[in-house]
Every structure is written in structure tokens, then in C-alpha cells.
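Q: Quick one: this structure, given as C-alpha cells, is what I'll be asking you about.
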Amino acid sequence: MMTTVDGGMTIGEFSRVTHLSIRRLRRYHDGGLLVPALVDPDNGYRWYTLDQVPTAQAVRRFRDLGLPTADLRELLAAEGERRDDIVLAHLDRLEAQLDDTRSAIASLRALLGPQRRTEVTVTTLPGRSVLAVRAVVAQDDVLDWYAAARAEIDALVAVGDRTGPAGGQYAHELFTDGRGAVLVHQPCSSGEPAGRVERLQLPGRDVAVTTHHGPHDDIDLTYALLGSWVVRSGAGAEGPVEELYDAGPVDTPDPAAWRTRLAWPVRP
């Protein structure tokens, strides 16, 4: 005798009500996301109830938005603030992915448009007394590492004691091998080392320089133009590339106003 549930629907009926395919409903069941109200032990028929329709609709939307199965399973079992925390965390991830997609689209449009041009000059970066943090960092971690290092330095240097723009030196291995030496620095006339922050004297060196305008989403395009110039000139020298942040997030909230000088070491 077939087992049923009062007011229940077969998987086909539930599929028609929810507009979820039978295949998807079976997948949700196997993943523990939407378990039928009853499964007949003899023939395996799945039975659902009307109370499960809202859950089915929620599962569909969260899966379409890419919420991982484990997080969705936790969400369905959670209540109150914990449920809100899971949803908000996923919304933050979606917004970050959207920002990354927009940046990628802007970079592709730049590649498809008129060829970007940049003016390159050769100059000497003077020696500077700086407070700095340095380490060997993985390329995937460099943004978070930089932000933390910069915050530590800024906490020790008064604005009026800064003698030049903050900067960073990046070993070529950071890009070629995915891991390399990084040094973040702030030229300043005072400020005592503390924790990871140390006082260094950066030597002067000859460099080819160009300026990147705007946010760093497509800074690799400006690097490519500068690096190509160095290769064509045959003047390249050993040493890390350097970025000098003439205007950045700490100076203005408008990314269009950001200015970053890129300095590539060259022979005198």
C-alpha cells in the first residue's frame, strides 16, 4: 500500500507549483536543502506539502545567487540574527564580485578602445629617510598586507612630519613567481620605530617614471606601457619597481583623482 501525507503533493505536482524541475528538486533533496515531508519506504515516492513552497522558492533564489550549499543548509536551520548574518555576509560577497566584474569590464573596454599612451621620463629618485615595514608576501595577500602595514606606519607619523608621498617597493618576483619582497614606506622627519615599523634610509636611484591615473584596477596596463618602454630603451636595471602614491584613498575618496607614479629602475 502506498504511503501518502495529508494535503501532500507528489514531486510532479510540487514541481508545477514551484516551477522547479523534478531534477532540481531531487538535487535539493540529495543535498539536504529541501527534504520532502515524506518519502515512501516502498517505492521511494517523494511527497511535499504547501508549507514547503516558500522554502523551495528561497532555496532556488539563494542557489541562483551562488550561496554555497553548506551555507544555505546552515541558513535554513538558523534563526534570528544568525540567519541575518549569513545573508548579509553573502550579500557582501556578491557586491565584491560585482565590483570585480565592473573593474574587469572597464579594463576590457580600455583594451578595445584607442591604444593608451603614457609619457615616460628618466629621473633620479633621491635618497629618503623613511619609516617602513617590509616582508616577503604572496601576491594574493599583498593588498591586505599593504593596508595593515600602512596603518601601522600612519599611526606613528604625524601628517605635518611627512616629507613626501608614501610609497611601496615591489620585487619583480612578486609578479613572476607569485611571491616576493615588499617594502611599504613613508618619508618623514620624525617618528619612532615600533613593532614591525623600522627606520630606513632608502638610497637614491635612477628610474624611468610614468603616472597612473585613477584606481588600480587597470594599473597593470600602465605597468605594461612603462615596462615596454624600458625594454625598448635597453636601459633596464636590477631592483624593485616602486609606486609613489601622490594621491590615493587617504587623500581623496574620489578614485578618479588618484595619482600613482610608477618608477622602474634603469641604468644611469
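All of the numbers you see were taken from the coordinates with simple rules; none came from a lab. Because the structure is predicted, anything quoted here is derived from the model rather than measured. Here Cβ is always computed from backbone atoms with ideal geometry, including for glycine, and neighbour counts include all displayed protein chains.
Q: Restricting to DSSP H runs of at least four residues, report the calculated mean residue ellipticity at 222 nm for the chain, -39500 (n - 2.57) per run over all residues, nearest 500 deg cm²/dmol. Could the numbers behind the result be given before it?
A: Working: 8 runs with 103 residues, N = 268.
Only helices count here, giving -12000 deg cm²/dmol.
Q: Relative contact order (percent) for the chain, with alpha-carbon contacts under 8 angstrom and 6 or more residues of separation? Display every interim value, and only then the final one.
A: Working: 393 pairs, mean separation 42.4, N = 268.
16 percent.
Q: Testing the spin-label approximation: label points 7 Å from Cα along Cα→Cβ at Asp99 and Ala247. State their distance in nm.
A: Simple spin-label model gives 2.1 nm for this pair.
Q: Taking 7 Å along the Cα-to-C-beta vector as the label spot, tell me the Ala77-Glu198 distance in nanometres, rounded to one decimal.
A: 4.9
Q: Something else now. Sorted by packing (mean other beta-carbon atoms within 10 Å per residue), highest first, where do 259-267, 222-230 land?
A: 259-267, 222-230
Q: Place a point 7 Å from Cα of Ala148 in the direction of its Cβ. Which residues in the range 172-196 have their backbone N less than 15 Å from it?
A: The answer is 182-184, 195-196.
Q: Below 14 angstrom from the Cβ of Ser189, what's the summed charge of the other residues (Lys, Arg +1; Asp, Glu -1)? Don't skip to the answer; put the middle values down first.
A: Working: positive: Arg128, Arg162, Arg199; negative: Asp161, Glu192.
Charge balance near Ser189 sits at +1.
Q: Mind checking the full-extension length gain between Val35 and Thr211? Use 0.36 nm per residue of separation minus the Cα-Cα distance, one decimal, nm.
A: Additional length available on full extension: 57.5 nm.
Q: Further question: Dipole magnitude of the chain about its Cα centre, charges +1 at Lys/Arg Cβ and -1 at Asp/Glu Cβ only, in debye to the nearest 20?
A: Numbers: 29 positive and 38 negative charges, 165 e Å.
Here the size comes out at about 800 debye.
Q: Using a cut-off of 10 Å between beta-carbons, work out the net charge of the residues near Glu242 (Lys and Arg +1, Asp and Glu -1, Glu242 not included). Please list the in-between numbers first.
A: On the way: positive: Arg205, Arg261; negative: Glu243.
That works out to +1.
Q: Right, next: Mean Kyte-Doolittle hydropathy of -1.0 or higher plus an axial Cα length of 20 Å or more: which whole DSSP H helices in the chain meet both?
A: 80-112, 219-233
Q: Placing +1 on the Cβ of each Lys and Arg and -1 on the Cβ of each Asp and Glu in the chain, which of Leu75, Ile86, Pro126 has its Cα farthest towards the positive end of the resulting dipole?
A: Towards the positive end, the residue furthest out is Pro126.
Q: On a C-alpha basis, how far is the centre of the range 32-71 from the centre of the range 158-182 in Å? Whole number, if you could?
A: Between the Cα centre of the range 32-71 and that of the range 158-182, the gap is 51 Å.
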